[in-house]
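Student: Before I ask anything, let me first share the structure, which is written out below as structure tokens.
The values are calculated or read from the model by the stated rules, or taken from the named source; none is laboratory data. In this text the structure is predicted, and so the values were computed from the model without any measurement. All Cβ positions, even for glycine, are placed from backbone atoms using ideal geometry, and neighbour counts span all protein chains on display. To get the accessible areas, we keep the full protein, side chains included, count just its heavy atoms, and leave off ligands, DNA and RNA. Shrake-Rupley method; radii C 1.70, N 1.55, O 1.52, S 1.80 Å.
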Amino acid sequence: ASTLGAAAAEKGRYFGAAVAANHLGESQYASTLNTEFNSVTPENEMKWDAVESSRNSFNFGAADQIVNHAQSRGMKVRGHTLVWHSQLPGWVSGLGTSDLRSAMNNHITTVMQHYKGKIHSWDVVNEAYQDGNSGARRSSPFQDKLGNGFIEEAFRTARAADPNAKLCYNDYNTDGQNAKSNAVYNMVKDFKARGVPIDCVGFQSHFNSNSPVPSDYQQNLQRFADLGVDVQITELDIEGSGTAQADNYRRVVQACLAVSRCTGITVWGVTDKYSWRASGTPLLFDSNYNKKPAYNAVLTAL
Ligand code: XIL
């Protein structure tokens, strides 16, 4: 196959990109997206501050634009994200415990029902664990007020809201085996043992020289898959350039293909022009939409 999406589809997988609604009108952006990718993730448009900036007043305009763009072209959509400490409006942080609980459940239910049947996988909870060796939860309004049970509650609410969407836990620095990924692993294992609904784990995979592709990346994906969940590479970008960058991208693709439950890869942007890593060049197309060596490495590996 001659495009990323078609090549991934031949392997039973999707190949997606994070997309910003305000770039869809740029013709090179749209044509690169439409030609190469068969899944999209709204980069910011489904986050809490975008859809519910004031309590129980929902605005789906920008997210709908992306979902409609994708649906009319037969692309899948990943939902990102329902419960996260970041890009969270101030009114949520200010709530007391019982209001926070009902606001969280109302948010999950309203957003998921709006998109019911249109989202293949939802990042229900994003980045709930700390970095470092503690394996502890990260402080957040949800953690601090609702306690450890907030993740389970969010997943149960999500299952009820759209029973056909895959429900994912998503995080970064969990790509190799370490204290943080062990903590997530133990949570997933516990959820599976107790029948708490969870279908997939997302590995963000933001890599750079301080945080390279781990040598045990594939092994780590496999141990999660062995718990009975799908695994997805959800926000891939790799700082660098040329052959070194291409080699790292190849390793990521090979790792996913080697794990039968690794169902798809999403890169965190279409082009270096709009990468959130403003100083870097971490994506597959350069800022003029030319294919980089990393693009060729990915297409060849798929
Ligand atoms: C980033 C977006 O790319 C930026 O545009 C925004 O300013 C901040 O968030 N982990 C996540 C993503 O789960 O939602 C983040 O996206 C990158 C890190």
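Student: Under the classification rounded if a/c is under 1.5, otherwise prolate if a/b is larger than b/c and oblate if not, where does segment 6-60 fall, given a ≥ b ≥ c as square roots of the Cα gyration tensor eigenvalues?
Tutor: Judged from the Cα gyration tensor, segment 6-60 comes out oblate (a/c at least 1.5, b/c at or above a/b).
Student: Right, another one. So what's the angle, to the nearest 10 degrees on a 0 to 90 scale, between helix 179-194 and the longest Cα principal axis of the chain?
Tutor: 60 degrees
Student: For the chain, find the longest principal axis of its Cα atoms and tell me its angle to the long axis of helix 97-114, 0 to 90°, nearest 10.
Tutor: 40 degrees
Student: Okay, moving on. Which entries of Lys116/Lys292; Lys47/Lys76; Lys180/Lys291; Lys47/Lys145 show an alpha-carbon separation above 29 angstrom in the structure shown?
Tutor: From the list (Lys116/Lys292; Lys47/Lys76; Lys180/Lys291; Lys47/Lys145), the Cα-Cα distance tops 29 Å for Lys116/Lys292; Lys180/Lys291.
Student: Would you mind computing, in nm to one decimal, how far apart the modelled labels at Asn148 and Thr243 are, each placed 7 Å from Cα along Cα→Cβ?
Tutor: Label at Asn148, label at Thr243, 5.0 nm between them.
Student: For the chain, what is the accessible area per residue in Å² when the probe is 1.4 Å?
Tutor: Value for the chain: 37 Å² per residue.
Student: Then there is this: Classify segment 121-191 from the C-alpha gyration tensor, please: rounded if a/c falls under 1.5, else prolate or oblate depending on whether a/b exceeds b/c.
Tutor: Values: a/c = 2.16, a/b = 1.42, b/c = 1.52.
Oblate, since a/c reaches 1.5 and b/c is not below a/b.
Student: Quick check: residue separation of Ala258 and Asn164 times 0.36 nm, minus the Cα distance between them. What number comes out in nm?
Tutor: 31.2 nm
Student: Further question on the same structure: Given a Förster distance of 41 Å, report the FRET efficiency between Asn296 and Ser102 from their Cβ-Cβ distance, rounded to the nearest 0.05. Don't skip to the answer; put the middle values down first.
Tutor: Working: r = 51 Å, r/R0 = 1.23.
After rounding to 0.05, the efficiency reads 0.20.
Student: Once you have the Cα-Cα distance between Lys192 and Ala6, take 0.36 nm times their residue separation minus that, and quote the gain in nm to one decimal.
Tutor: 63.7 nm
Student: Beta carbons within 10 angstrom, averaged per residue: use that to sort the peptides 217-223, 136-142, 206-212, highest first.
Tutor: Sorting 217-223, 136-142, 206-212 by mean packing, highest first, produces 217-223, 136-142, 206-212.
Student: Where does each of Trp268, Trp91 land when they are ordered by accessible area, with a 1.4 Å probe and the largest first? Can you show the working numbers first?
Tutor: Working: Trp268 15, Trp91 55 Å².
I get Trp91, Trp268, largest accessible area first.
Student: Given the chain, report the % of alpha carbon pairs whose separation exceeds 36 Å.
Tutor: On the way: 5348 of 45451 pairs.
Result: 12 percent of Cα pairs exceed 36 Å.
Student: If one computes the Cα centroid of segment 242-302 and of segment 11-45, what distance in Å separates the two points?
Tutor: One Cα centre to the other: 14 Å.
Student: If you don't mind, another one. For Ser54 and Asp216 in the same chain, what is the full-extension length gain: residue separation times 0.36 nm, less their Cα-Cα distance, in nm?
Tutor: 54.0 nm
Student: Turning to a different aspect of this structure: Express the carbon and sulfur contribution to the solvent-accessible surface of the chain as a percent, rounded to the nearest whole number, probe 1.4 angstrom.
Tutor: Values: 4980 of 11310 Å².
About 44 percent, which is the carbon plus sulfur part of the accessible surface.
Student: Continuing with the same structure: Between the helical axis of 150-161 and the dominant principal axis of the chain, each derived from Cα atoms, what acute angle in degrees is found, rounded to the nearest 10?
Tutor: 80 degrees
Student: Under a GNM of the chain (C-alpha, springs under 10 Å), which listed residue has the highest mean-square fluctuation: Gly79, Gly90, Gly280?
Tutor: Gly90
Student: Let a ≥ b ≥ c be the square roots of the eigenvalues of the Cα gyration tensor of segment 162-293; is it rounded (a/c under 1.5), or, if not, prolate (a/b larger than b/c) or oblate?
Tutor: Numbers: a/c = 2.25, a/b = 1.86, b/c = 1.21.
It comes out prolate by the Cα gyration axes.
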